[in-house]
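Trainee: Just passing along the structure, written as structure tokens.
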């Protein structure tokens, strides 16, 4: 371990070097889920000694063979060692969902089409997020035994050598040919390379369109590239797995069928309940259901039986629905009916897509038009907060702790009154007697910010005194969390006038924080415009400050107010 090492970790044949602070875990101070970051980094670098050193990509275009495997196996092995960490589930709702949200024209293919060796081109989301998704899909297609045997053959035949993706496909093909028991792959004409090349040589991903004839009992599945007008020729070999409301067979993720390029898959099914396609989201795609089937799924999720749908499919249905909403392929009323089920949901893995959705809505929440949606979310958060509570239990697993912290954060943001009251009480107790009422580091953001949101001037002044004693720059944003405009106006005056406490650069940063959070408040905006010459940042030109103000107000009335000050300058 080396302090201030330029990267988090770097492996080589005989040594792995880590930046010291990235692998230090203090059980008395750090949140338990920091262990995950440390363990993931260590596992990642160890894996690189095999995928990277023991065998090495022959050229940068196959970099995914190193980085993709490192990410996949770091989660795979940690999932085996620490089962309650559920790292393979979080791989889906983290990097894989993030990849799907970006792979709409913002990413290249996994097998990089290199025009130069620019670092930003090489080490991107293609190799760190999409590549692990494709490897996970392959793992579920061939099964654990064939996958492991294939990787063993890959190492045995190519040790100390440079490799390409074709070498990997050949090893997996050999292991598959020896395993005649794999039911959907008994046909010796089934070529791993033909299937997998469609996933590494094309960007974007397929959307499966699932329609059901409820009279004949036939299900039709077709594929289309996401945003098809921009990638009309992209087609894939897609593993198709599904179950219905009667069987609830989510555990067997091997494909029931294959959807080949330029074909429509037709399957006879039971139409008395819902059908869910892509079990545990093993294929790298989204699924678009006909409205009848989707409404059946939503009704089931909004019942006490919702946990009988696998948690990864619950997460997938929510993530896909939001993507289709953004593309105007799903009515907002259907989406709102779907998220109602979260009142019952108790699993962080299923909640994670919703937290990401809320993050995308963050700027919208400051607008009056968001009132109805925020009220709806407050009702939904009531359910989960009644379950997880407002206090950390040392016996809780990491997943529960992550759910509690994220739920508290977003409940407060959307205006959950009880959430803010609890934070305010904790903050007041802490400021009055910090030794008795300690706030763990991982609870400080919630306690300080949302406690200060509804605090009076006395509490805000105590927080400012804490900053004066500690010079902790994290408190800049905390002090900006106050919702009382008088506190924010006071903050503007202090940062502008106290040049000893705040440098010119610090004043500029804080001024912009205040604009981002409070410029839409008429009292704050009026004060900024009235006292503009006294409180504007000294470091930046006036034109830039005016531009920042305009960027953070939205109503015509407020824009008109800014116009007046421009005329006076």
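The values are calculated or read from the model by the stated rules, or taken from the named source; none is laboratory data. Quick caveat, the model's predicted, so the values are computed rather than measured. A quick note on method: Cβ atoms are made from the backbone with ideal geometry, for glycine too, and the neighbour counts reach across all protein chains shown.
Trainee: Just to be sure before I move on: is residue 533 at pLDDT below 90, over 26 Å from residue 475 (Cβ atoms) and over 33 Å from the mean Cα position of the chain (by Cα) in the structure I sent? Steps first, answer last, please.
Mentor: Working: at pLDDT below 90: no; over 26 Å from residue 475 (Cβ atoms): yes; over 33 Å from the mean Cα position of the chain (by Cα): yes.
Taking the combined requirement at face value, the residue does not satisfy it.
Trainee: Among the numbered criteria (1) assigned to a strand (DSSP E or B); (2) out of contact with any strand residue (DSSP E or B) (no Cβ under 7 Å at 6 or more places or on another chain), which one does residue 267 miss?
Mentor: Just one mismatch for residue 267, condition (2).
Trainee: Being buried (at least 17 other Cβ atoms within 10 Å of the Cβ) and not in a helix (DSSP H, G or I) is the filter here, so list the residues in the range 304-327 that pass it.
Mentor: Those that are buried (at least 17 other Cβ atoms within 10 Å of the Cβ) and not in a helix (DSSP H, G or I): 309, 310.
Every residue, every condition in (1) in a loop (DSSP other than H, G, I, E, B); (2) touching a helix residue (DSSP H, G or I) at 6+ places or on another chain (Cβ under 8 Å); (3) not assigned by the TED database to the domain that holds residue 244, yes or no:
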site	(1), (2), (3)
134	no, yes, yes
139	no, yes, yes
146	no, yes, yes
151	no, yes, yes
172	no, yes, yes
179	yes, yes, yes
216	yes, no, no
220	no, no, no
232	yes, no, no
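Conditions tested, residue by residue: (1) in contact with a helix residue (DSSP H, G or I) (Cβ under 6 Å, 6 or more places away or on another chain); (2) at pLDDT 95 or above; (3) over 30 Å from residue 551 (Cβ atoms).
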| site | (1), (2), (3) |
| --- | --- |
| 366 | no, no, no |
| 417 | no, yes, yes |
| 422 | no, yes, yes |
| 434 | no, no, yes |
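Trainee: Considering only residues that are in contact with a helix residue (DSSP H, G or I) (Cβ under 6 Å, 6 or more places away or on another chain), surrounded by 22 or more Cβ atoms within 10 Å (Cβ to Cβ) and in a helix (DSSP H, G or I), which ones fall in the range 270-297?
Mentor: Residue satisfying the conditions is 281 alone.
Trainee: I've got another one for you. Just to check your reading of the model, which residue among 301, 330 is crowded, with 19+ Cβ neighbours inside 10 Å and within 25 Å of residue 248 (Cα to Cα)?
Mentor: When all the criteria are applied, what remains is 301.
Trainee: Out of (1) within 28 Å of the chain's Cα centre (by Cα); (2) part of a loop (DSSP other than H, G, I, E, B); (3) surrounded by fewer than 17 Cβ atoms within 10 Å (Cβ to Cβ), what's the single condition that is false for residue 477?
Mentor: Looking at each condition in turn, residue 477 falls short on (2).
Trainee: Report those helices (runs of 4 or more DSSP H) wholly inside the range 369-463 carrying at least 1 residues which are under 21 Å from residue 27 (Cβ atoms) and more than 24 Å from the chain's Cα centre (by Cα).
Mentor: none
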